[in-house]
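The values are calculated or read from the model by the stated rules, or taken from the named source; none is laboratory data. Predicted model only: the values in this text are computed from it and were never measured. All accessible areas refer to the heavy atoms of the entire protein, side chains included, with ligands and DNA or RNA removed. Shrake-Rupley method; radii C 1.70, N 1.55, O 1.52, S 1.80 Å.
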Amino acid sequence: MKVDILYRGKVIGHSDLDPIDPPMGVAGGRFVPAPEYVPRLHAFVIDGDDNKIVDGPELSARSYAYGMLTCAGVAIEDFNETLHEINVTVLGMAYPEYETVFSDHALYEAYWRTDE
């Protein structure tokens, strides 16, 4: 699911989310920063160190197809200096929206598969 990541309503980056933990409503993906992204203001973790400055409730996610996502929170982990990657996690997405979005995704199907 393609999403914009927002801070106080302003787009700071984008991601294509995959289902990570279906029972908990968790989705995640690589974060592609926009010029407005500032790690010290937006990332909870910077190269393995906790960043206490971040105002978590100010981060949100907006889907291109579904609008603003109802969730418990959005977290960015920035390992750009050490691993050259930045990840975003959307926590506690509401049901049935999570299922609606990811029900046809291979990772979602694999999680719930009951091969007998």
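Side notes on the structure shown:
- Among the protein heavy atoms of the chain, carbon and sulfur supply 53% of the accessible surface, probe 1.4 Å, non-protein parts ignored.
- Solvent-accessible surface of the chain, taken per residue with a 1.4 Å probe and all protein chains present: 58 Å².
- Working from Cα pairs under 8 Å separated by at least six residues, relative contact order for the chain is 27 percent.
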